[in-house]
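To start, the structure under review is shown below, and the notes come after it.
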Amino acid sequence: MATAPKTQWYKIAESITEIHFEKNGLSLVNIDGREITLAIHNNKIFACTQKCPHAGGALTDGYIDALGNIVCPLHCYKFNLQNGYNVSGEGYYLKTFKVEQREDGLFILF
């Protein structure tokens, strides 16, 4: 019987203010050897993989639309930052990660 992969919380920063977000609301961070895109929308932090699942575009070079979707810079595929679903209809799925702001810092779950 296969066992589920082990998950672990990693501390990203002491607070949201420590993270440098570009004008597009996105930031690239390296956590435990993984490149992760952090996004800020309506003062909430989201996390997803750095590469678009369609053609590998760097999502930090994209933008966040008015509805809070991350948009890939290559082909403008849009993904919901909360659940990773492709909202522009192409059928791809973006890996997202849970983020929590706690008293002792900002954490991501892998």
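The values are calculated or read from the model by the stated rules, or taken from the named source; none is laboratory data. Because the structure is a prediction, the values reported are computed rather than measured. Neighbour counts are summed over all protein chains in view; Cβ atoms, including those assigned to glycine, are modelled from backbone coordinates with ideal geometry. The area values use the complete protein model at the heavy-atom level, side chains included, leaving out ligands, DNA and RNA. Shrake-Rupley method; radii C 1.70, N 1.55, O 1.52, S 1.80 Å.
Is it true that some residue in the stretch 7-26 is crowded, with 19+ Cβ neighbours inside 10 Å and under 14 Å from residue 97 (Cα atoms)? Yes, some residue in the stretch 7-26 is crowded, with 19+ Cβ neighbours inside 10 Å and under 14 Å from residue 97 (Cα atoms). Note on the stretch 44-93: enclosed strands (runs of 3 or more DSSP E) holding 2 or more residues that are closer than 23 Å to residue 10 by Cα and either in contact (Cβ under 8 Å) with a residue 40 or more places away in the chain or open to solvent by 40 Å² or more (accessible area, probe 1.4 Å) (or both) are 44-49. Select from the stretch 49-77 the residues that are of a type outside the set (Phe, Trp, Tyr), out of contact with any helix residue (DSSP H, G or I) (no Cβ under 7 Å at 6 or more places or on another chain) and within 22 Å of residue 17 (Cβ to Cβ) and list them in ascending order. Those that are of a type outside the set (Phe, Trp, Tyr), out of contact with any helix residue (DSSP H, G or I) (no Cβ under 7 Å at 6 or more places or on another chain) and within 22 Å of residue 17 (Cβ to Cβ): 60, 64, 68.
Within the stretch 9-43, the set of residues being free of Cβ contacts under 8 Å to residues at least 24 places away in the same chain and of a type in the set (A, V, I, L, M, F, W, C) comprises 21, 29.
Candidates are the residues of the stretch 27-43 that are open to solvent by 90 Å² or more (accessible area, probe 1.4 Å) and out of contact with any strand residue (DSSP E or B) (no Cβ under 9 Å at 6 or more places or on another chain); the one that is nearest to residue 104 (Cα to Cα) is 43.
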